[in-house]
Amino acid sequence: MTDLNSLTARQTRRGFLGTILAGSAIGMLGACTVTKSGNVTTITVNVAKVKAYGQAGINAVSTVLSIAAVASAIGAPAVAVIEAASVALSAALSAFSTAAGSSVTVNYDDTTMKSAINSVLTDLQTVAADLSSAITGASSTVSSSVLSDANTALSALKTIVSVFEGILGVVSLSEPAMTEAQALRILKVAA
């Protein structure tokens, strides 16, 4: 689980520089702005982007599970786990939307809103991990064209997770396979 509180606790010189670089990249992403006044860093989050990212996760689950061969290959227990993760993501997204309204400003000492944002990110990461495991498990029993469709949806979701992590200053270890716009289009989310 990624927590904004733990990020500040484990900063070293290298971590501090990485956070500064990630923070400067945040403004370019358009999902939020970062301002610093003395020792107070304030992040203003684009609520519509966070909602779009959450919806992308929900749509990725629907896309992958709607492929009958994949759903059949992974079995009912795995489908239930993935659907439970999707329900948790939907609940986190709903809670975030209610708390945030149309825009939200997060100071590093605002634990309530950070928790709501972290919850959406954590649930997105869980959905991506569950779908990845399911697709890997189904890979030997479904056709390559079916597998390609499922992997495209998964790749789009991983891109969204990576972009979201970048927005929050969490360094993602993998390079996204596509742009944010491509990923949202694949997952049928208007941003």
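Only one of the numbered conditions (1) out of contact with any Pro (no Cβ under 8 Å at 6 or more places or on another chain); (2) crowded, with 17+ Cβ neighbours inside 10 Å; (3) among the hydroxyl-bearing types (S, T, Y) is violated by T112, and that is (2).
In this structure, is L17 at pLDDT below 75, open to solvent by 60 Å² or more (accessible area, probe 1.4 Å) and part of a helix (DSSP H, G or I)? Please lay out each step first, then the result.
Working: at pLDDT below 75: yes; open to solvent by 60 Å² or more (accessible area, probe 1.4 Å): yes; part of a helix (DSSP H, G or I): yes.
Answer is yes for this residue.
Surrounded by 15 or more Cβ atoms within 10 Å (Cβ to Cβ) and modelled with pLDDT under 90, is that true of S97? When the stated conditions are applied, S97 passes them.
Every residue, every condition in (1) open to solvent by less than 30 Å² (accessible area, probe 1.4 Å); (2) basic (K, R); (3) more than 19 Å from V81 (Cβ to Cβ), yes or no:
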{"site": "A129", "(1), (2), (3)": "no, no, no"}
{"site": "S133", "(1), (2), (3)": "no, no, no"}
{"site": "S144", "(1), (2), (3)": "no, no, yes"}
{"site": "S148", "(1), (2), (3)": "no, no, yes"}
{"site": "A156", "(1), (2), (3)": "yes, no, yes"}
{"site": "F164", "(1), (2), (3)": "yes, no, yes"}
{"site": "G169", "(1), (2), (3)": "yes, no, yes"}
{"site": "A181", "(1), (2), (3)": "no, no, yes"}
{"site": "I186", "(1), (2), (3)": "no, no, yes"}
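The values are calculated or read from the model by the stated rules, or taken from the named source; none is laboratory data. The structure displayed is predicted, hence computed values, not measured ones. Backbone-built Cβ (ideal geometry, glycine too); neighbour counts: all protein chains shown. Surface areas here come from the heavy atoms of the whole protein model, side chains and all, with no ligands, DNA or RNA. Shrake-Rupley method; radii C 1.70, N 1.55, O 1.52, S 1.80 Å.
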